[in-house]
Amino acid sequence: MEKLNQEFQHLLMKNDFPMKVSFENGQWLYKGKLEMTDYHILDFAVSFTQVGETDGAVCQIVFNNVAYCKSYGKQGEWLAFLNQLNLEMGLYYYLCLENDGRIFARYVTEVHQDVQMVYDVLNTGANVMMHIVEKIESKFGPIVSI
């Protein structure tokens, strides 16, 4: 897993893609922010967690603060909408609604060598999130996270 971490850090530096990196709870964790608007910022993270005794790792990419379901009474409407987006756009990321109303997007895969693929999915994620946020705002109104 150390080799994956080093290769991913090298790839980030090569592409001038700054992220805060740390080792927490047995996993490498990279954190960043994506400004959608002046009032809506997504936190995102990439983690690599050891898979048994192999050189591979489970990789997760998570975009937080995608949107908020502010009313418990609208939870069913949100779930139906997110499910439809997952069906239409579920190529890489899937959308989830937390109990607290927070909506996030997640991608999970196992990585053994190809950290370029992780970087590409992360990079694509920014465009995917912009498209998803547009769809959410057209249905539920503007999103403010600050």
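To the nearest ten degrees, helix 115-140 and the longest principal axis of the Cα atoms of the chain are 10 degrees apart.
Computed over region 1-132, relative contact order equals 22 percent, with contacts defined as Cα pairs under 8 Å that lie 6+ residues apart.
Karplus-derived 3J(HN,Hα) values for region 67-84, using 6.51 cos²θ - 1.76 cosθ + 1.60 with θ = phi - 60°, are 6, 9, 8, 7, 10, 4, x, 9, 4, x, 5, 4, 4, 5, 5, 5, 4, 5 Hz; glycine and proline are entered as x. Diffusion coefficient (Stokes-Einstein, Kirkwood radius over C-alpha pairs, 4 °C, 1.567 mPa s) for region 8-74: 93 µm²/s, rounded to a whole number.
Calculated accessible area for region 1-98 comes out at 59 Å² per residue, all protein chains present (probe 1.4 Å; ligands, DNA, RNA ignored). Share of carbon and sulfur in the accessible area of region 5-83 stands at 53%, probe radius 1.4 Å. Dipole of the chain computed with +1 at Lys/Arg Cβ and -1 at Asp/Glu Cβ about the Cα centre; of Phe140, Ala67, Gln27, farthest Cα towards the positive end is Phe140.
Here the chain is assigned +1 on the Cβ of each Lys and Arg and -1 on the Cβ of each Asp and Glu. Its dipole about the Cα centre then comes out at about 400 debye. One entry in (i) 29, 16, 13; (ii) 23, 18, 14; (iii) 37, 16, 14 is semi-axes √(5λ) of the Cα gyration tensor in Å calculated from the shown coordinates; its label is (i). Relative to the dominant Cα principal axis of the chain, helix 2-14 is inclined by about 70°.
The values are calculated or read from the model by the stated rules, or taken from the named source; none is laboratory data. What you see is a predicted model; the values in this text were computed from it and never measured. Counting neighbours? That spans all protein chains shown, and the Cβs are built from the backbone with ideal geometry, glycine included. Accessible surface areas use protein heavy atoms only, side chains included; no ligands, DNA or RNA. Shrake-Rupley method; radii C 1.70, N 1.55, O 1.52, S 1.80 Å.
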